[in-house]
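Below you'll find the structure, written out as structure tokens, and then a few comments.
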Amino acid sequence: DPSSSSLTQNSVVPELPGFYYDSEKNRYFRLLPGHNNYNPLTKESIQYKAMECKRLRLLEEEEKQKKKTARAGLNSSTLLQKRQLGLLSSTSYCRLVHELKVNCMQRRKIEIHSPDSSVAGTNNFKIIVADVACERIFTVNDVEHGGCKYGIVNLSGLGKESLTVEMYDNLYFTNRKVLEKSLFSLTHFSKLCLMGIAETPGCASLLPASLFSSTNPGDRPGMLCSFKISTAWSCAWCLNPQADNCFSTGLTRRVLVTNVVTGHRQTFGTSSDVLAQQFATQTPMLYNGCRSGEIFSIDVRQRNRKGQSWKAIRLFHDSAVTSIRLLEAEHYLMAADMAGKIKLWDLRTAKCVKQYKGHHNEYAILPLHVNEEEGLLIAVGQDCYTRIWSLQDAHLLRTIPSPHPSSKDAIPSVVFSSRLGGSRGVPGLLMAVKQDLYHFSYN
């Protein structure tokens, strides 16, 4: 009966133990026990097949440019008309224009050139981090024998028609595996690059950024600060002049703050592992996100005395906090956890004021990217989808599928800026997946 068939497709199909439902054939199939440790019909394989079909369908829609606007009735002509009639302020107009541009970004693959022809495209990208001016990106790549190597990608060639960049590699190498994305902080203010290794025994190193600017090995300066620690999960560098030269490392059940000039160290004990850290720039405060779901701040000027409460602001998530980001005015803090929740906290009232829905995470430490100038929040989920929200009202603007099949070792790493390549750079999103680098440019 056609009517009963359509009813079955539109209604929720009950799950039967030992069977799976094929929506295309509109019937149940038995899950047979595996033979020789191989069973093509498992729940995981069926879910992966469905996810892969969805990814390929979204990629096909992107290629055909079948895009929907992020909001109903939002288009460039309507925005311009409202702006001319005085119905939109300059700030709102610019924010909505960015939303339109983000929704129309098109993917293009970047050709990577290197002085050493054997370098480009030979190793998988693990992490990319842009400097403050977005003129270069710092890269971490896997190598065949289980370690990682670091390099610099110069984005000056990004605006040309050939869409190429230069990569300088083999400048520094570690035989340890870099596991956590939240361990890296790159800044042009102090000319320093912070790195941490989340292995046991862990190792945190403070290196000058000039180490990666010269291809001559003889010109490399030594490490400014190097110390071995156990189970390092996160690190941060302080840019506040009241706590100058401070380097913090989040460890198992403690926070270690080190002055790299004097060598003085201060330890703050915690009840959980510290998975995310960030220093404030206007106040000498260090914010920490823990496996227990707690977020707390520390005034690094104070002495840690037994029996004395040193935690200032305290916030709580229901799951492990994997990333924290202070907004520019430092009245708000964005936090993501392992339940896939992203919350915006008002630090003055210690209350959650917004939630950004759609993010997917179960166990990975994944970073958040806040771009206040464009009014955007960007996060890559464990499902390998890159999602973009409006900062103002938490509206999900776009979901970008990965160009590669989803897997644990193929989670994209992204960088977004309106000036990729410097002050005269082009706006858009950089995405590193496997051995490839992609540019999603404003149209």
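The values are calculated or read from the model by the stated rules, or taken from the named source; none is laboratory data. It should be emphasised that the depicted structure is a prediction, and the values quoted were computed from it without experimental measurement. A quick note on method: Cβ atoms are made from the backbone with ideal geometry, for glycine too, and the neighbour counts reach across all protein chains shown. Just the protein is used for accessible areas: all its heavy atoms, side chains included, with ligands, DNA and RNA removed. Shrake-Rupley method; radii C 1.70, N 1.55, O 1.52, S 1.80 Å.
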Can you name the residue in the stretch 42-66 that is open to solvent by 90 Å² or more (accessible area, probe 1.4 Å) and not in a helix (DSSP H, G or I) and is also modelled with the highest pLDDT among such residues? 64
Only one of 355, 282 is open to solvent by 60 Å² or more (accessible area, probe 1.4 Å), in contact (Cβ under 8 Å) with a residue 40 or more places away in the chain and polar (S, T, N, Q); which? 282
Look through 422, 381, 340 and report the one residue that is in contact with a His (Cβ under 6 Å, 6 or more places away or on another chain), in contact (Cβ under 8 Å) with a residue 24 or more places away in the chain and at positive phi. 340
Take the residues of the stretch 364-410 that are of a type in the set (A, V, I, L, M, F, W, C) and farther than 22 Å from residue 130 by Cβ: which is surrounded by the most Cβ atoms within 10 Å (Cβ to Cβ)? 394
Quick one: would you say residue 289 is without any contact (Cβ under 8 Å) to a residue 60 or more places away in the chain, open to solvent by 10 Å² or more (accessible area, probe 1.4 Å) and either in contact with a His (Cβ under 9 Å, 6 or more places away or on another chain) or farther than 18 Å from residue 333 by Cα (or both)? no
Which condition does residue 76 not pass, out of (1) open to solvent by less than 50 Å² (accessible area, probe 1.4 Å); (2) more than 18 Å from residue 399 (Cα to Cα); (3) at pLDDT 75 or above; (4) of a type outside the set (A, V, I, L, M), if it passes all the others? (1)
Within the stretch 81-107, work out how many residues are open to solvent by 30 Å² or more (accessible area, probe 1.4 Å) and farther than 15 Å from residue 375 by Cβ. 10
Subset of the stretch 382-422 (residues that are of a type in the set (A, V, I, L, M) and farther than 18 Å from residue 438 by Cβ): 391, 394, 396, 397
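Rundown of residues vs (1) surrounded by fewer than 16 Cβ atoms within 10 Å (Cβ to Cβ); (2) part of a loop (DSSP other than H, G, I, E, B); (3) under 21 Å from the mean Cα position of the chain (by Cα), yes/no style:
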{"site": "232", "(1), (2), (3)": "no, yes, yes"}
{"site": "235", "(1), (2), (3)": "no, no, yes"}
{"site": "249", "(1), (2), (3)": "no, no, yes"}
{"site": "256", "(1), (2), (3)": "no, no, no"}
{"site": "262", "(1), (2), (3)": "yes, yes, no"}
{"site": "267", "(1), (2), (3)": "yes, no, no"}
{"site": "275", "(1), (2), (3)": "no, no, yes"}
Just the residues that are within 24 Å of residue 427 (Cα to Cα) and not hydrophobic (A, V, I, L, M, F, W, C), please, taken from the stretch 79-96. 83, 89, 90, 91, 92, 93, 95
In the stretch 108-152, residue surrounded by the most Cβ atoms within 10 Å (Cβ to Cβ) [restricted to those that are over 18 Å from the mean Cα position of the chain (by Cα) and modelled with pLDDT of 85 or more]: 110
